[in-house]
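K.L.:
Just passing along the structure, written as structure tokens.
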Amino acid sequence: MVGAGPAGLVLALQLARAGVDITLLESSLSYKRSFRGESMQPDTVSIFKELGILDDLLEHGCLETHRMMLTERGKSLLTINYTKVPYRHKYVMDIPQPVLLSALLKRLETYANCKIIRGATCDELLWSDNTVSGVSYRLHDEKEPRVLRARVVVGADGRYSKIRDLGKIEWKKHQAARDVLWFKVPLPADAPENTARIMIDGANHLILLPTFPDYYRAGVNIPKGGFMALRREGIESFYQLVDGIDAGFGKHVREHVRNWNDIHLLDIFTTTAPQWGREGLLLIGDAAHTVTPLLGQGVNLAIQDAITLAPMLVSGLEKNSVDISLFKAFQAKRQADVDFVVNLQQRQEKLLGAHTPMQQFLRRVNYCALNQFTFIQRKINNRIAYRRQLQLQLFQEGG
Ligand SMILES: Cc1cc2nc3c(=O)[nH]c(=O)nc-3n(C[C@H](O)[C@H](O)[C@H](O)COP(=O)(O)OP(=O)(O)OC[C@H]3O[C@@H](n4cnc5c(N)ncnc54)[C@H](O)[C@@H]3O)c2cc1C
């Protein structure tokens with residue numbers, strides 16, 4: 001397996017538990033990564049419970065997001081409350097990704113049938129005719145490549161997947177109209193409790209996500225490819241961009257974001273692949289379907305891929321029938337969820353980017369209607385936040 005992010009680690013853990021022999025290659029030596037998936041959907045929290053890592057995460061500490069508020073020039077248009085549902089896990093958990101990955105790794109290390117190799121970058125696939133039969137990788141401190149043969153190679157190597165290209169898997173990149181500049185600031189004293197916020201003004205918006213232990217992870221949109229031009233204008237142009245959306249928050253940002261080193265550019269795009277695999281090779285998580293960070297869905301989709309795939313692979317390996325038809329059956333099980341998220345995100349991208357007064361008027365009508373008709377909110381959330389708990393009937397005890 002290539003890549004020990006959320007998808008690779010969860011799949012490895014489930015396979016190791018079932019007694020499958022696995023080697024997990026991960027290029028990074030440490031999990032020092034920020035501005036990655038940190039908001040975990042309620043369904044993902046239910047999976048943490050099942051994997052036996054929820055207590056570790058709670059012991060480390062996390063933040064709970066109970067609602068999302070969307071405002072336009074200070075006026076509230078939409079509030080979505082995550083807690084008014086009967087499910088067992090009903091908050092979005094904010095946890096640093098390194099903490100999550102370390103908790104998964106700790107469990108995985110207890111299985112002798114799983115070998116984890118850090119500092120190992122996969123740079124070639126091995127082929128037998130048209131079938132992938134293993135990988136070649138380099139250790140960070142060695143020049144000569146090493147070779148590893150496998151019955152199945154799983155590419156869980158993220159949004160810039162090299163395995164996808166090495167495996168000659170057809171894919172397309174769909175650029176959003178915007179990029180996002182991410183930064184962190186302490187939670188302001190007047191921040192509403194347990195609340196994620198979207199502030200919009202014209203075609204600009206700010207996304208504020210409560211972040212452990214007491215920060216906002218904040219994102220402001222810029223036009224696609226516009227970062228270098230903004231940088232050349234100087235940091236004042238960044239401050240003015242934020243001021244223009246919310247002057248109060250802008251003042252806070254001036255105090256805490258000192259220079260461009262505190263700001264991280266995120267290229268926003270989606271990828272789609274008609275086939276997630278070929279004989280001997282399967283992609284999962286971001287490698288198969290990168291989504292945008294809107295609505296915090298990437299980790300959820302990646303982990304659900306792993307949870308869905310594990311029993312299918314175990315049974316296929318037992319029957320000695322791991323082939324393209326199993327990979328197609330896996331994709332068929334997951335595609336609708338991925339498509340739902342991508343379509344929803346594309347609609348939100350359009351609404352957030354509304355340029356003309358008419359588009360902005362229609363956006364107001366859209367969000368006000370969604371605010372009014374809570375059954376529509378419920379329908380969407382039952383799909384992207386509680387689908388698994390609904391299917392498994394994981395209702396609140398005593399509720
Ligand atoms: C700025 C930002 C914010 C985000 N916020 C959220 C959020 O709040 N909630 C959410 O759900 N999602 C969010 N996402 C998306 C989320 O981070 C991803 O969807 C998720 O991490 C995908 O998991 P993965 O395991 O598929 O890939 P990754 O997490 O990308 O893991 C891939 C792993 O493969 C390793 N690797 C890569 N190439 C090789 C190679 N050749 N050889 C060996 N190893 C390799 C990498 O080092 C990495 O550890 C965000 C993403 C970004 C960029």
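The values are calculated or read from the model by the stated rules, or taken from the named source; none is laboratory data. A quick note: this is a predicted structure, and the numbers were derived from the prediction, not measured. Neighbour counts run over all protein chains shown; Cβ positions are idealised from the backbone, glycine included. Accessible surface is based on the protein model in full, side chains and every heavy atom, while ligands, DNA and RNA are left aside. Shrake-Rupley method; radii C 1.70, N 1.55, O 1.52, S 1.80 Å.
K.L.:
Taking the condition of being part of a strand (DSSP E or B) and near the ligand (Cβ under 9 Å from one of its atoms), how many residues in the range 155-174 meet it?
P.N.:
Here the count works out to 1.
K.L.:
Just give me the residues in the range 112-128 being away from the ligand (no atom under 11 Å from the Cβ), under 20 Å from Leu29 (Cα atoms) and either free of Cβ contacts under 8 Å to residues at least 12 places away in the same chain or open to solvent by 60 Å² or more (accessible area, probe 1.4 Å) (or both), in sequence order.
P.N.:
Lys115
K.L.:
Moving to a separate point now. Of all the strands (runs of 3 or more DSSP E) wholly in the range 1-107, which have at least 3 residues that are touching a Ser or Thr at 6+ places or on another chain (Cβ under 8 Å) and modelled with pLDDT of 95 or more?
P.N.:
Answer list for the range 1-107: 67-72, 92-94.
K.L.:
What residue, among those in the range 136-154 that are assigned to a strand (DSSP E or B) and open to solvent by less than 60 Å² (accessible area, probe 1.4 Å), is farthest from Arg278 (Cα to Cα)?
P.N.:
Residue satisfying both the conditions and the ranking: Leu139.
K.L.:
Which one is farthest from the ligand (Cβ to nearest atom), of the residues in the range 129-154 that are within 13 Å of Met1 (Cα to Cα) and hydroxyl-bearing (Ser, Thr, Tyr)?
P.N.:
Applying the filter and picking the extreme gives Ser133.
K.L.:
Let me ask another. Of the numbered conditions (1) open to solvent by less than 40 Å² (accessible area, probe 1.4 Å); (2) of a type outside the set (Val, Ile, Thr); (3) assigned to a strand (DSSP E or B); (4) under 30 Å from Leu70 (Cα atoms), Ser133 satisfies every one except a single condition; which is it?
P.N.:
Result: Ser133 passes all but (4).
K.L.:
In addition: Pull out all pairs, ordered by first then second residue, where Cβ-Cβ is under 6 Å, the residues are six or more apart or on different chains, the first lies in the range 296-307 and is more than 21 Å from Ile268 (Cβ to Cβ), and the second is in a helix (DSSP H, G or I) and of a type in the set (S, T, N, Q).
P.N.:
Pairs found: Ile303/Thr44.
K.L.:
Residue under question is Ile169, and the condition is that it be crowded, with 22+ Cβ neighbours inside 10 Å and in the same structural domain as Ala287 (by TED's automatic domain parsing); does it hold?
P.N.:
When the stated conditions are applied, Ile169 does not pass them.
K.L.:
Restricting attention to the range 265-306, report how many residues are more than 13 Å from the ligand (Cβ to nearest atom), under 16 Å from the mean Cα position of the chain (by Cα) and crowded, with 20+ Cβ neighbours inside 10 Å.
P.N.:
Total meeting the criteria: 0.
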